[in-house]
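**Q** Take this structure, written in structure tokens, and hold onto it; I'll ask about it next.
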There are 6 protein chains.
Amino acid sequence: MPVVVTNIERLPRDIVAGFADLGVATVHEAQGRKGLLGPAMRPIYRPVHIAGSAVTCQVTPGDNWMIHVAIEQCRAGDVLVVAPTEPCTDGFFGDLLATSLMAHGVRGLVIDAGVRDIGTLTDMQFPVWSSAVHAQGTVKETVGDVNTTIVCAGQAVSPGDLVVADDDGVLIVRKEEAADVLASAQAREANEVEKRARLEAGELTLDIYGMRDRLEAKGLRYVEAGEDE
Amino acid sequence: MPVVVTNIERLPRDIVAGFADLGVATVHEAQGRKGLLGPAMRPIYRPVHIAGSAVTCQVTPGDNWMIHVAIEQCRAGDVLVVAPTEPCTDGFFGDLLATSLMAHGVRGLVIDAGVRDIGTLTDMQFPVWSSAVHAQGTVKETVGDVNTTIVCAGQAVSPGDLVVADDDGVLIVRKEEAADVLASAQAREANEVEKRARLEAGELTLDIYGMRDRLEAKGLRYVEAGEDE
Amino acid sequence: MPVVVTNIERLPRDIVAGFADLGVATVHEAQGRKGLLGPAMRPIYRPVHIAGSAVTCQVTPGDNWMIHVAIEQCRAGDVLVVAPTEPCTDGFFGDLLATSLMAHGVRGLVIDAGVRDIGTLTDMQFPVWSSAVHAQGTVKETVGDVNTTIVCAGQAVSPGDLVVADDDGVLIVRKEEAADVLASAQAREANEVEKRARLEAGELTLDIYGMRDRLEAKGLRYVEAGEDE
Amino acid sequence: MPVVVTNIERLPRDIVAGFADLGVATVHEAQGRKGLLGPAMRPIYRPVHIAGSAVTCQVTPGDNWMIHVAIEQCRAGDVLVVAPTEPCTDGFFGDLLATSLMAHGVRGLVIDAGVRDIGTLTDMQFPVWSSAVHAQGTVKETVGDVNTTIVCAGQAVSPGDLVVADDDGVLIVRKEEAADVLASAQAREANEVEKRARLEAGELTLDIYGMRDRLEAKGLRYVEAGEDE
Amino acid sequence: MPVVVTNIERLPRDIVAGFADLGVATVHEAQGRKGLLGPAMRPIYRPVHIAGSAVTCQVTPGDNWMIHVAIEQCRAGDVLVVAPTEPCTDGFFGDLLATSLMAHGVRGLVIDAGVRDIGTLTDMQFPVWSSAVHAQGTVKETVGDVNTTIVCAGQAVSPGDLVVADDDGVLIVRKEEAADVLASAQAREANEVEKRARLEAGELTLDIYGMRDRLEAKGLRYVEAGEDE
Amino acid sequence: MPVVVTNIERLPRDIVAGFADLGVATVHEAQGRKGLLGPAMRPIYRPVHIAGSAVTCQVTPGDNWMIHVAIEQCRAGDVLVVAPTEPCTDGFFGDLLATSLMAHGVRGLVIDAGVRDIGTLTDMQFPVWSSAVHAQGTVKETVGDVNTTIVCAGQAVSPGDLVVADDDGVLIVRKEEAADVLASAQAREANEVEKRARLEAGELTLDIYGMRDRLEAKGLRYVEAGEDE
């Protein structure tokens, strides 16, 4: 039986806000390299960078009815995450739905399917990550679930999970791990500032990370060009 | 026998002009969701938006000779639509051919194959929708047809059909249906202005479209998070 | 046995500099339509245009260790060319490695795999051509070769070969052919200036290239629309 | 308005029968290398070889209702050709519909979408060419056209056109050209018998087709291995 | 922290056995059209048909170590379901691992990645569904989870879920729904026997399902070929 | 300038013969996991298994003329390896060319492009590995190289290199490494016989390879289902 789960738990506002300055690649590293959506998920414009709480929405191919239902469950600071039950390039989402989401403070859309009106969406600066762009319209015939665990672009997403998305793509951080991941990612970010300065000064990662012994132990040889390789 | 059809019939100038303000998604809805080229057809730069009359050109893989022939058949306000007889990513078109088309007032190119010189084409602001970008050159050996009905990106296109193209992709409107579709699309556009205002004010599509009864009839249930779902 | 070849031969600075003004499509034509990497290789931002000497680097899927090794072999004016031993969309390269390459005067990266931090790379204006964008991290476990001949996006690349890359994609010019190709490409470019002027004035390529007789000989017919085709 | 065209014209029985012994590649050559469906169209089992008259059927993604309608329009000796209005891998067709088609003497199905029950279809020896295999079911909500011209796998197909299909794929021969193409294909086939005998005896195509002079004129050189190439 | 869950709960033997005669398409319909893995999952030989309890295994790209660990958790009647954390075509599995699985009564392998030794696997008649065939070997460096919920080919799979797989692909039935789905699928199967007989006798689905009124209500018209359509 | 290199060096007959019993996966492991062509290269029928010396042939898209030239350079025991200069699905090769190759004792064809007449090729039992099947014909206009180093499906292949191909795909062994690789592969094969016997008896690879300590050291934990994971 199709179900809409209401009043899902969100992460505290300050935790979500903490992720707003952290890139997808940094957070991905900080949480042990998991949670990434597949590389087919691309933003419709760049640069772009958001973090928010997931409201999840399962749709069937060619039918966007449940997106209409899901909007009512969204609050300011949320990110709507939509997945079809099987691959579909239809344009499930356009400028009218984006207007509605913006009116309710939603920070962006992540959809493993197509979107349309991307010219207007870009003018509105409403962030969208999708696996296709296509003007093909959809119907409103089939009910499904809102705010249950779904699979989006190869990744399980539960309602209230944290979504971080930027020019590189989309990452999911489990709700219960978000505080730890935030601390770890911020530490990582701080550490990179120092490394970047050393690299700008011309130091090599071979030296910064002390890789030379291990390379030699693995048998790597250096030969002059023209010598017998 | 290969043939070039000359002096094809075009739509009246005011009808074509009417489409210049209408997005692909809107016109696609207005004509009953048909006529869209496949989602692999992408513009080489954005934003972009054109409408014009189709001059059609069939090429063979790796051979752009017929594009040279087709240019002579183009008039101001036309859009050149090119399809190879089978899939090919070669760069059939570059800045010299674009210079020639612009000199004759052609509004853009739609090609289910590759193009090149896209840096210069972008500087020139000559709109192109293609399924690939590749510098690979082509030969001039095989003659084919100009201004016959072709299949481009999964869609039949006849000479004189209306082409509307924007950031979302490319749409074909049959010549004989263009006047009706224009009226219908303009009405649709007007209707969206009002809806957008209501959505901006925070109303939900569930209410604007009166969807709640039908959702309930389909068995959709609402449960609080944490309740037994 | 894995090997790093040091002090590879580069082309004279003036030859490399000569290619900086020439587009990929022009050079591709000038060298007889060879040397192009596949159309999946796309720049992460546009417009972009570089020329430089190739430093080559073979990596294994999901392992970017040899890129760290390769950086030490790069000099000002080089382009780093990286290929995995089999297809992989992982993000092998990000902003820290780019900072290191920029500090040593490297002009860009060509990689038949994924990259990440593309927002920052764009801000830095460090040019990258890749076949994917993905935040997925890599390990540092496997040693391989630097500055041996590799296959990148379907094209053999040897250390010291010239790399030309722009919005259209990436082209390799063999070291030993570079001087001849440069002369030929410059001549071609000069020739195009005149052609462009004639096309802007409305002349047709059918006349400029004298194609009409050959088209007729191939049997191409012209018929008025509405006549019996 | 959706329409079903009844009592379409078929080719004479003896012409269709003449194609039953001719492979797709041979007929494709005989009609000037046109009419081939794209290479994604593959048979569900091999070997297989049919020829018949096309009954065409347009469906929408995920909706197979019009196939039910189309079956009534099929007669013994027909081939049902189905195309969705946009790409879809759903399983539009299974063993029950195949049972119905076989009961009416239909020779096979060509569908640019998915099919299911292919184990049973193989046991029944009902030939199918499709672009996907997937068990995903479809609905019966949308009406469309039967026996109008459709685009299937990149090729326009009109009702009554001849369909030839074998292990290589699917070919369309225009109704009005079928008699000429048959004669030409049969002549070609006869000619190949003699060539095959000469090739079996060890003769080379270089000699049979007299290619050596033309190769030399194009500048082809022969050098011994180890010589300076 | 990586974990192996031991002694997972399996479904009663008779329920699993009941699915052995039911095709993927039938069970998919019986459970409301959910649970299908994506169409890229294909069997390495045909015909093939199995049902069993899922043992799940998460691997990282290019690393098959956890398959070795998972085998110990398998019992007679199980099906091993393997998913990489991101797309990979490497050959994670070959004839030695298959020998081990067969020795413990495992009924087959489902893997969203590559396999190798498929000639030998076919000779052994060990069923495998995979998304690629490639001889590329893998390493044994990274530990992961066995018998936790994974995402395989777009579908969440929990340990002990029922797997049904045949020529059409692979379907997952939730453990807790299996008994109901079995009853429903058997009823469906029985119903199809009667329908098949009527179809073989030449009846049309238009009549068996009583579709004609609904088609007319939707506006479908019938016209004779040659009439004004 | 296009060139045909004649009288290339082949490996001794007994070395080639030694590979005839060894699978692609085994030899791939024995030579350090290199030399595999990409997974898109599939045999047109199964089972199939050959080994032979490479004659290489570079073609341009849609032009098979150089295959005719290459046949003259083939001797008994060779395998013809063909690569287009860029991706192409055309049918470059059919039953007449196969007849000619068989007449000269050639063992098979490897082509990173399309082939046709696969029904007849299967009847003839002429082995072919290709990346596509398509009936689309090709022309004979462009000369290229025979027996130079080419890139085929991502792998460099030199004339006289050893080709091993079976149901899994295609592997290249460098001429100069073939004797060593043969010895190593035969030892590996012998070793697998013993392992297979132990696995058939129910032993686990965890014990045969002594993996348990290393797994524990990596932190892998075992928990009973239902316990707190």
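The values are calculated or read from the model by the stated rules, or taken from the named source; none is laboratory data. Worth saying up front: this structure is predicted, and the values here are computed from it rather than measured. Positions of Cβ are backbone-derived with ideal geometry, glycine not excepted, and every protein chain shown enters the neighbour counts. Ligands, DNA and RNA are stripped out before the accessible areas are found, and what is left, the full protein with its side chains, is counted by its heavy atoms. Shrake-Rupley method; radii C 1.70, N 1.55, O 1.52, S 1.80 Å.
**Q** Of the numbered conditions (1) polar (S, T, N, Q); (2) open to solvent by 10 Å² or more (accessible area, probe 1.4 Å); (3) on the phi > 0 side of the Ramachandran plot, F:N147 satisfies every one except a single condition; which is it?
**A** Here F:N147 clears every test but (2).
**Q** Output the residues belonging to segment B:200-211 that are in a helix (DSSP H, G or I) and either open to solvent by less than 90 Å² (accessible area, probe 1.4 Å) or within 12 Å of A:I71 (Cα to Cα) (or both).
**A** Initial filter on segment B:200-211 (in a helix (DSSP H, G or I)): B:200, B:205-208.
Selection gives B:T205, B:L206, B:D207, B:I208.
**Q** Are any residues in segment E:99-142 touching a residue at least 40 places away in the same chain (Cβ under 8 Å), open to solvent by 30 Å² or more (accessible area, probe 1.4 Å), part of a loop (DSSP other than H, G, I, E, B) and facing chain F (nearest Cβ under 9 Å), and if so, which ones?
**A** Those that are touching a residue at least 40 places away in the same chain (Cβ under 8 Å), open to solvent by 30 Å² or more (accessible area, probe 1.4 Å), part of a loop (DSSP other than H, G, I, E, B) and facing chain F (nearest Cβ under 9 Å): E:K140, E:E141, E:T142.
**Q** For segment C:205-213, does any single residue satisfy the condition of being among the polar types (S, T, N, Q), touching a His at 6+ places or on another chain (Cβ under 9 Å) and within 9 Å of another protein chain (Cβ to nearest Cβ)? Break it down stepwise before answering.
**A** First, the residues of segment C:205-213 that are among the polar types (S, T, N, Q): C:205.
From what is left, the residues that are touching a His at 6+ places or on another chain (Cβ under 9 Å) are C:205.
Those still in the list that are within 9 Å of another protein chain (Cβ to nearest Cβ) too: C:205.
Scanning segment C:205-213 turns up at least one residue that is among the polar types (S, T, N, Q), touching a His at 6+ places or on another chain (Cβ under 9 Å) and within 9 Å of another protein chain (Cβ to nearest Cβ).
**Q** How about segment C:65-89: which of its residues are within 23 Å of A:G38 (Cα to Cα) and open to solvent by 10 Å² or more (accessible area, probe 1.4 Å)?
**A** C:P84, C:T85, C:E86, C:P87, C:C88, C:T89
**Q** A further question follows. Taking the stated definitions as given, is E:V163 away from every other protein chain (no Cβ under 12 Å), assigned to a strand (DSSP E or B) and modelled with pLDDT of 95 or more?
**A** Details: away from every other protein chain (no Cβ under 12 Å): yes; assigned to a strand (DSSP E or B): yes; modelled with pLDDT of 95 or more: yes.
Yes.
**Q** Residues in segment C:215-225: is at least one over 33 Å from the mean Cα position of the chain (by Cα), exposed (fewer than 15 other Cβ atoms within 10 Å of the Cβ) and either assigned to a helix (DSSP H, G or I) or more than 7 Å from chain B (Cβ to nearest Cβ) (or both)?
**A** The answer is yes, given that some residue of segment C:215-225 is over 33 Å from the mean Cα position of the chain (by Cα), exposed (fewer than 15 other Cβ atoms within 10 Å of the Cβ) and either assigned to a helix (DSSP H, G or I) or more than 7 Å from chain B (Cβ to nearest Cβ) (or both).
**Q** Name every residue in segment A:12-21 that is touching a strand residue (DSSP E or B) at 6+ places or on another chain (Cβ under 8 Å) and open to solvent by 20 Å² or more (accessible area, probe 1.4 Å), in order of residue number.
**A** Selection gives A:I15, A:A17, A:A20.
**Q** Filter segment D:22-41 for residues that are among the hydrophobic types (A, V, I, L, M, F, W, C) and either in contact with a helix residue (DSSP H, G or I) (Cβ under 7 Å, 6 or more places away or on another chain) or open to solvent by 20 Å² or more (accessible area, probe 1.4 Å) (or both) and give the result. Don't jump to the end; show me each part of the working.
**A** Just the residues of segment D:22-41 that are among the hydrophobic types (A, V, I, L, M, F, W, C), to begin with: D:22, D:24-25, D:27, D:30, D:36-37, D:40-41.
Within segment D:22-41, D:L22, D:V27, D:A30, D:L36, D:A40 meet the criteria.
**Q** Could you check, for segment B:160-167, whether at least one of its residues is loosely packed, with under 15 Cβ neighbours inside 10 Å and over 30 Å from C:L220 (Cα atoms)? Lay out the reasoning, then the answer.
**A** Initially, segment B:160-167 is screened for residues loosely packed, with under 15 Cβ neighbours inside 10 Å, giving none.
Among the residues of segment B:160-167, not one is loosely packed, with under 15 Cβ neighbours inside 10 Å and over 30 Å from C:L220 (Cα atoms), which makes the answer no.
**Q** Read through the list (1) within 19 Å of the chain's Cα centre (by Cα); (2) at pLDDT below 95; (3) within 19 Å of F:L220 (Cα to Cα), then give the number of the only condition that E:T142 fails.
**A** With respect to (1) within 19 Å of the chain's Cα centre (by Cα); (2) at pLDDT below 95; (3) within 19 Å of F:L220 (Cα to Cα), E:T142 is out only on (1).
**Q** How many residues does segment A:1-11 hold that are touching a helix residue (DSSP H, G or I) at 6+ places or on another chain (Cβ under 8 Å), part of a loop (DSSP other than H, G, I, E, B) and surrounded by 21 or more Cβ atoms within 10 Å (Cβ to Cβ)?
**A** 1
**Q** Something else: Just to be sure before I move on: is C:D95 of a type in the set (D, E), touching a strand residue (DSSP E or B) at 6+ places or on another chain (Cβ under 7 Å) and within 12 Å of chain A (Cβ to nearest Cβ) in the structure I sent?
**A** No, not satisfied.
**Q** Any residue in segment B:175-187 that's in a helix (DSSP H, G or I): show its pairings with residues that are open to solvent by 20 Å² or more (accessible area, probe 1.4 Å) and basic (K, R) at Cβ separation under 9 Å, as long as the two are six or more apart or on different chains.
**A** Here the result reads B:K175/B:R10; B:V181/B:R174, each pair linking segment B:175-187 to a residue that is open to solvent by 20 Å² or more (accessible area, probe 1.4 Å) and basic (K, R).
**Q** Filtering segment F:42-59 down to residues that are out of contact with any Asp or Glu (no Cβ under 7 Å at 6 or more places or on another chain) and surrounded by 24 or more Cβ atoms within 10 Å (Cβ to Cβ), which residue is nearest to F:F92 (Cα to Cα)?
**A** Taking segment F:42-59 as the starting set, the residues that turn out to be out of contact with any Asp or Glu (no Cβ under 7 Å at 6 or more places or on another chain) are F:42, F:44-45, F:50-51, F:56-57, F:59.
In the following step, the residues that additionally are surrounded by 24 or more Cβ atoms within 10 Å (Cβ to Cβ) were identified as F:51, F:56-57, F:59.
Working: F:A51: 22, F:T56: 15, F:C57: 12, F:V59: 9 Å.
Top of the filtered list is F:V59.
**Q** For C:W65, work out the one condition from (1) touching a Lys or Arg at 6+ places or on another chain (Cβ under 8 Å); (2) without any contact (Cβ under 8 Å) to a residue 40 or more places away in the chain it doesn't fulfil.
**A** The one condition C:W65 does not meet is (2).
**Q** Report, by residue number, each residue of segment E:174-197 that is open to solvent by less than 50 Å² (accessible area, probe 1.4 Å), aliphatic (A, V, I, L, M) and more than 12 Å from E:E29 (Cβ to Cβ).
**A** The answer is E:A178, E:L182.
**Q** Specify the residue that is farthest from the chain's Cα centre (by Cα); the eligible residues are those in segment A:89-98 that are free of Cβ contacts under 8 Å to residues at least 40 places away in the same chain and part of a loop (DSSP other than H, G, I, E, B). Before you say what the answer is, go through the steps one by one.
**A** Narrowing segment A:89-98 to residues free of Cβ contacts under 8 Å to residues at least 40 places away in the same chain: A:93-98.
Narrowing further to those that are part of a loop (DSSP other than H, G, I, E, B): A:93-94.
Values: A:F93: 18, A:G94: 19 Å.
The residue in question is A:G94.
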